Amino acid sequence: GASRPMSSRIFEPKQLQDLVNQTHPGEKLEPAVEMLLMEVAGEFLDEVARRSCELAKHRGSKKLDIQDVQLHLEKTWNMKIPGFCGTSVRRRHHLLDMTRKRLNVSKKPKEKSRKRGRPKNDEKTSSSDAKTAGKSDGAKR
């Protein structure tokens, strides 16, 4: 993608180097790596903002809420936002699970009633054997 203009950078190269120093003290980023990481981070943030706005629009809002960002990050990137692991997204999953369970419960009695109506193989043979046995007994008399 196109490089971000200096004025629209989310953070400065020094901040990226500070982050690297926190995780790997003494390591230095080459300028090409620094620019690549900044470009990738910028594109990632653009994509998250765009998709989160689409989610807000989909739910009928003109306002972007944390739940929109949270939902996109959790579903697309399996990322949780520290400090914002609220119940909004988890609650939806819980409601979906409860609905699925309720649907499965309502299906099970139907399956059982169908099974009750059909005789088992043993029942077929035993009842048919009894009928033939009764006929043969009657024929002998």
Residues in region 9-25 that are open to solvent by less than 90 Å² (accessible area, probe 1.4 Å) and in contact (Cβ under 8 Å) with a residue 12 or more places away in the chain total 5
Cβ pairs under 6 Å, 6+ apart, first in region 36-52 and without any contact (Cβ under 8 Å) to a residue 60 or more places away in the chain, second open to solvent by less than 60 Å² (accessible area, probe 1.4 Å) and among the charged types (D, E, K, R) = 42/4; 52/68
Within region 47-64, identify whether any single residue is surrounded by 15 or more Cβ atoms within 10 Å (Cβ to Cβ) and of a type in the set (Ser, Thr, Tyr), and answer yes or no.
-> yes
If only one of 80, 28 is within 30 Å of residue 14 (Cβ to Cβ), modelled with pLDDT under 90, outside any helix (DSSP H, G or I) and not aromatic (Phe, Trp, Tyr), which one is it?
-> 80
Determine which member of the set 110, 101 is open to solvent by 70 Å² or more (accessible area, probe 1.4 Å), at pLDDT below 70, part of a helix (DSSP H, G or I) and farther than 30 Å from residue 11 by Cα.
-> 110
Based on what the data block shows, is residue 48 at pLDDT 95 or above and part of a helix (DSSP H, G or I)?
-> yes
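The values are calculated or read from the model by the stated rules, or taken from the named source; none is laboratory data. Keep in mind it's a predicted model, so treat the numbers as computed, not measured. Neighbour counts run over all protein chains shown; Cβ positions are idealised from the backbone, glycine included. Just so you know, the surface numbers come from the protein's heavy atoms only, side chains and all, with ligands and any DNA or RNA stripped out. Shrake-Rupley method; radii C 1.70, N 1.55, O 1.52, S 1.80 Å.
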